Number of protein chains: 2
Amino acid sequence: MAGPPAAVRLSEVAAAAGVSIATASRSLRGLGGVSDTVAEKVRGIAEDLGYVTNSYARTLAGGSTTIVGLILNQIDDPYFTEIAAGVVRAAEDADLTVQIGHSTRDPHRELKQIRSLVAQRARAIIIAGSGYTDPQRELQAKELLARYEAGGGRAAVIGRHFLGVDAVQPDNRGAAGQVARHLVELGHRDVVVISGLPSLTTVEDRQGEAVKVLAAAGARVTVVETDFTGHDAGRAALGALDGEPRATAVMALSDAMAISVLTGLRRAGVDVPGTISVTGVDDVPVAELISPSLTTAAFPLSELGREALLLTTRPQATRPRRKMIPAQLVVRESTAPPRS
Amino acid sequence: MAGPPAAVRLSEVAAAAGVSIATASRSLRGLGGVSDTVAEKVRGIAEDLGYVTNSYARTLAGGSTTIVGLILNQIDDPYFTEIAAGVVRAAEDADLTVQIGHSTRDPHRELKQIRSLVAQRARAIIIAGSGYTDPQRELQAKELLARYEAGGGRAAVIGRHFLGVDAVQPDNRGAAGQVARHLVELGHRDVVVISGLPSLTTVEDRQGEAVKVLAAAGARVTVVETDFTGHDAGRAALGALDGEPRATAVMALSDAMAISVLTGLRRAGVDVPGTISVTGVDDVPVAELISPSLTTAAFPLSELGREALLLTTRPQATRPRRKMIPAQLVVRESTAPPRS
DNA sequence: ATGAAAGCGCTAACAA
DNA sequence: TTGTTAGCGCTTTCAT
């Protein structure tokens, strides 16, 4: 595995510019102590030569890394890919590169990913996805991240976690509340709520608010738990509607589940929204494209990612920051007043 | 900002074990040439001390990286996220980590990404997305990759590129041919083809085969060029149908464009497939969910990514490998015989 | 304002 | 089998 150096080195840039590598280094990093003329010249030459800093050498020599680790619950779920897109774009604007891992919602995998990132001296670690309602479950990760930040690293989460780091929090309660109120205003008083794993904070928040709003309006509420991935939401909804023949609406606590419900109802020949109204939460891109298009509460997903990245570029605050991101109700074709 | 955590160094492990750092290094990497007793002892001490290899030092010293770079044309397009999912999963199976960048189809950005990856000593570089029909346009990237591979790196592309490296090639001609034949068999003889930038090999291949098959069947073909992202495909299709009132089908050369066409037709009140049949290519997950569901040619997208990753784990062959991946026609609701 | 030189922690010849 | 040593490419004092 020998061969010609595959990358342009700082020494080559320096030589081409007729200066020492120290001066070249200063010029490239805009450090001052270098005449503007020289600095400008060096930058031009570096550009022409296609010079890129060797991050290993830089890091080893005491410089900082440009790696940002991003840990996703699920790599092929639009909710997460939208967030990832936001992170990647913001990172590139900040000259950072993103390393992606996925945890499949498995705490062990998540820990392993964090350790690997710490060992890589990643400049920042971003964890996207729901937290767990049981703080105990996140204890190890929390300790790991605390040590990491004490050592100069930066961490941020997207969602409500108990990880003691900066957080971008989609307003899940608000989102669920808006959708529930929409159903109430349409006149629905008998609603099936398709929920997910109660161990996830996202589920807890959305379900809590949904049930609260619906109950406050005097509606009958049937909650059905599924695995929150949408795989069995359609079947679950059909089962619930069998048991609750008077129900006029299905409120799924995520778009992924709502889409599964829509598919299930279509196959069963149930008219949406004529017979049953259906709603989701998140507003993934598909929500607008399916038919009937989905009434849901929209989160600016890629902005969630962007905000998280930005948080990690600011110095650590004395107490973890919380940036709440509001949802916005989007009424589309899947909801209508209940048939009378 | 505190300094880096007091990381345990190899020299400390060596000292504690009473051996040289060379022996310690060999022991830890299981390299042989070390007595089992010593090796075992060193490993135990390293474990006790919580030693973790400094990957920067290791890489700088000539050791190998575990980073695989993945350059995507577009980070938030389902076509690419599916591919990315395949790469990430296969990488994790091989204990590799994936670094994602996106080029926005801009050759300059792409070059920058490649350079960055080369500088990072990525073990492999995977480029996903269409190549350019003008080989000149890829010349710089080709040189860069050649030097990279000469230096021991591995590269692979997904799509037909002129980059001189291993390639996973979705059979774009075959895919377009199958869809075109499907339309012909249904009886369509007046078809609008929504195409993309002619500078992309994917577009060239799909359009060439589509037009060939349709023309061979004696059909009238109207080709409309768009930007291949789907942003203006809907508008373009409506315009073309205005000019070609006898057209009975719109064949979009990608699902992204087909979905845009479907949306445009729905807004214009055109019945699909009653009045106009619509087809796509790719079979992104949404294709099955929209309504009417989309007739298209399916590529196993995440497998494309997986195959590319696997190619990079094998040693370089004397000539670049080409792995052709066939498409499969999926007939859904968006196509029907033309109304007579 | 610029340069020389000492490492950063590790791997990989080469010696012993 | 083990140790010695020369870098990897860069940042950073310390001189000039």
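What follows is calculated from the coordinates using simple rules that are stated; it is not laboratory data. What you are looking at is a predicted structure, and each value in this text was computed from that prediction instead of being measured. Note that we place each Cβ from the backbone using ideal geometry, even for glycine, and neighbour counts take in every protein chain shown.
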Can you list the copy-to-copy distances for A:R322, using a point 7 angstrom from Cα toward Cβ, in nanometres, shortest first? 5.9
Taking amide hydrogens as modeled 1.01 Å from N in the peptide plane, which residues meet the under 5 Å criterion relative to B:H102, leaving out close sequence neighbours? B:L72
Which of the pairs A:K112/A:K142; B:K142/B:K323; A:K41/B:K142 have their Cα atoms more than 25 Å apart in this structure? A:K41/B:K142
Distances from B:A150 to the same position in the other copies: list them in nm, one decimal, shortest first, using label points 7 Å from Cα along Cα→Cβ. 5.0
Could you give each residue of region A:11-22 its phi-based ³J(HN,Hα) in whole Hz, using Karplus coefficients 6.51, -1.76, 1.60 with θ = phi - 60°, and x for Gly or Pro? 4, 6, 4, 4, 4, 4, 8, x, 10, 7, 5, 5
From the square roots a ≥ b ≥ c of the eigenvalues of the alpha-carbon gyration tensor of region A:1-63, which class results: rounded (a/c under 1.5), prolate (a/b over b/c), or oblate? oblate
What number comes out for the charge environment of A:G187, summing +1 per Lys or Arg and -1 per Asp or Glu over other residues with Cβ under 13 Å away? +1
Can you list residues whose amide H is under 5 Å from A:G164's amide H, if they're 5+ apart or on another chain and H is modeled 1.01 Å from N? none
Per 0.36 nm of contour for each residue apart, how much would the distance between A:R246 and A:R9 grow if the chain were fully extended, relative to their Cα-Cα spacing? 78.1 nm
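Can you give the helix-only mean residue ellipticity at 222 nm for chain B, where every DSSP H stretch with n ≥ 4 adds -39500 (n - 2.57) and the sum goes over all residues, rounded to the nearest 500 deg cm²/dmol?
Per the formula, -13500 deg cm²/dmol.
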Everything considered on the Cα gyration tensor (a ≥ b ≥ c; rounded for a/c under 1.5, else prolate if a/b is larger than b/c, else oblate), region B:172-299 must be described as rounded
Can you work out ³J(HN,Hα) from phi for every residue in region B:191-206, in order, using Karplus 6.51 cos²θ - 1.76 cosθ + 1.60 and θ = phi - 60°, giving whole Hz and x for Gly and Pro? 10, 9, 9, 8, 10, x, 4, x, 7, 8, 4, 4, 5, 4, 5, 5
The residues B:V261, A:V165, sorted from fewest to most surrounding Cβ atoms within 10 Å, come out as A:V165, B:V261
Cβ under 14 Å from A:T222's Cβ, A:T222 left aside: what net charge do those residues give with Lys, Arg +1 and Asp, Glu -1? -1
Can you work out ³J(HN,Hα) from phi for every residue in region B:323-330, in order, using Karplus 6.51 cos²θ - 1.76 cosθ + 1.60 and θ = phi - 60°, giving whole Hz and x for Gly and Pro? 10, 8, 10, x, 9, 9, 5, 10
How charged is the neighbourhood of A:L28? Take every other residue with its Cβ under 11 Å from the Cβ of A:L28, and add Lys/Arg as +1 and Asp/Glu as -1. +3
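For chain A, with only Lys/Arg (+1) and Asp/Glu (-1) charged at the beta-carbon, what is the dipole magnitude about the Cα centre, in debye rounded to 20?
Working: 36 positive and 37 negative charges, 178 e Å.
Dipole of chain A, to the nearest 20 debye: 860 debye.
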Using amide H atoms built in the peptide plane, which far-off residues or other-chain residues are under 5 Å from A:V223 H to H? A:V193
Once normalised by the length of chain A, the mean sequence separation of its alpha carbon contacts under 8 Å that are 6 or more apart gives a contact order in percent of 16
At most 12 other Cβ atoms within 10 Å plus a DSSP loop assignment makes a site exposed; report the longest stretch of chain B without any exposed trypsin sites (Lys or Arg not before Pro). B:1-245
Inter-copy distances for A:R9, label 7 Å out on the Cα-Cβ vector, sorted ascending, nm, one decimal, are 2.3
How big is the gap, in Å, between the Cα center of region B:224-259 and the Cα center of region B:40-59? 59
Using the basic label-point model (7 angstrom from Cα toward the beta carbon), what is the B:A61 to A:R339 distance in nanometres? 7.5
Quick one: length gained pulling B:A317 to B:T222 fully straight, 0.36 nm per residue minus the C-alpha distance? 29.9 nm
Applying the gyration tensor rule to the Cα atoms of the protein assembly as shown (axes a ≥ b ≥ c; rounded if a/c under 1.5, else prolate if a/b exceeds b/c, else oblate), the class is oblate
Compute the normalised compactness of chain B: alpha-carbon radius of gyration over 2.2 N^0.38 Å, N being the residue count. 1.28
